[in-house]
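Structure, as structure tokens:
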Amino acid sequence: MDNAFDLNAVVVFVRIVESGSLSAAARSMKMPKTTVSKRLASLEESLGVALIARTTRKLSVTEAGRAYFAHCQESLRLLEQARAEVTAARSHPSGHLKITAPVDIAHTLLPRVIHAFVGRHPGVRVEVLVANRLVDLVGEGVDLAIRAGPMRDSGMVGRKLIELTANVYASHAYLRRCKAPLQPKDLSSVEFIGYGGANGPFHMVKGRSSVKVDVNPTLVVDDFETIKELVVLGTGAGWLPDFVAKTAGASIVPAVRGWRAKSVGQVHFLYAKQRHPSANVKAFIDVAMEVVPLFLKGELAMPGGDERNLG
């Protein structure tokens, strides 16, 4: 007796019993009658019992065949149900979605995307892991990551969310104290709030013009949200990603009119390589690709205002 399990042979056996003959089973499965007969014989050989008694005139199911048929028919029904459920899950967002993002993105872009996503897909339970560390997506069961900077993991699929643009921002009150308008060279003498260790020269651009700017930070902070709040308070001018500065609304503006900092990279979605990304991942990315550009254009109001309904 062969212990190998051939599911195709089981399907053939069930179809023979349901249709009443090898010929009818062959027609319904669109395969030669000889193939049907061979698969039945192979199944009987692997089981070591006769499932169907065949004569020149009729076909009858043996006692062992009837018992085996009952089990197989139910098992195939459950397999078909499982296939239908998996297909539906791939087509329609449902279940659980775990996302990770660094602090600055989680405090700015992510809540707006999640707000729109859960409005459209209330059946999905969203879990968010906020962390500046490099999260192991597979090891920690994370479906989707949002990361700024270059893509380093070749085992992941990446899709660009936005270009990472930035500028030097200041409050209206601070600019009045500086007797604006400022020029790029003036940034070397203002109270400058630097970010972490990235306080070397950076480039300001205006059309095709580019100027290297040296700054002398009077404050150094390793968190963009804190820099933003200090800029709002008028403590000084600070370099901020545009998506962070947008959350301050009209309370801060570019410090040098007409100029902006040179783009510094991109923000990507990352998810594990697989043939078919889940419906949850696809739906979340689709919502983000709609919501984030609107927010950056100023077409998505601040919380508490008349925010455009994207739910």
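Read-outs: derived from the displayed coordinates by stated rules, not from any lab. Values in this document were obtained by computation on a predicted structure and should not be read as measured data. Here the Cβ positions follow ideal geometry from the backbone for every residue, glycine too, while neighbour counts run over all protein chains shown.
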Can you give the calculated 222 nm mean residue ellipticity of the chain, where each DSSP H run of n ≥ 4 adds -39,500 (n - 2.57) and the sum is split over every residue, rounded to the nearest 500 deg cm²/dmol? -12000 deg cm²/dmol
In what sequence do GLU225, GLU18, GLU44 fall when counting other Cβ within 10 Å, fewest first? GLU18, GLU225, GLU44
Relative contact order (percent, whole number), the chain, Cα cutoff 8 Å, 6+ residue spacing: 21 percent
Pairs to check: LYS98/LYS297; LYS228/LYS273; LYS206/LYS282. Give those whose C-alpha atoms are more than 32 Å from each other in this structure. LYS228/LYS273; LYS206/LYS282
Length-normalised contact order of segment 7-91 in % [C-alpha pairs under 8 Å, at least 6 apart]: 25 percent
Environment charge of TYR271, counting only residues whose C-beta is closer than 10 Å and scoring Lys/Arg +1, Asp/Glu -1: +2
So for segment 160-252, considering every pair of alpha-carbon atoms, how many percent are separated by more than 16 Å? 53 percent
What translational D, rounded to a whole number of µm²/s, comes out for the chain from Stokes-Einstein when the hydrodynamic radius is the Kirkwood one over Cα pairs, at 37 °C and 0.692 mPa s? 134 µm²/s
Give me the net charge of VAL205's neighbourhood, meaning all other residues with Cβ under 9 Å from the Cβ of VAL205; Lys, Arg count +1, Asp, Glu -1. +4
Taking every DSSP bridge whose two residues both lie in the chain, the antiparallel percent to the nearest 5 is 65 percent
May I ask you to sort ARG77, ARG120 by Cβ crowding, counting other Cβ atoms within 10 Å and putting the fewest first? ARG77, ARG120
Set of aspartates and glutamates near LYS262 by C-alpha distance (under 19 Å), chain-local residues within fewer than 8 positions excluded: GLU163, ASP186, ASP214, ASP242
Taking the beta-carbon count within 10 Å as an exposure proxy, list THR165, THR100, THR226 from fewest neighbours to most. THR226, THR165, THR100
Quick one: Karplus J couplings for segment 11-28, per residue in order, coefficients 6.51, -1.76, 1.60, θ = phi - 60°, nearest Hz, x for Gly and Pro? 4, 4, 4, 4, 5, 4, 5, 5, 8, x, 7, 5, 5, 5, 5, 4, 5, 5
Global geometry of segment 7-91, whether rounded, prolate or oblate, following the gyration tensor of its Cα atoms and the 1.5 cut on a/c: prolate
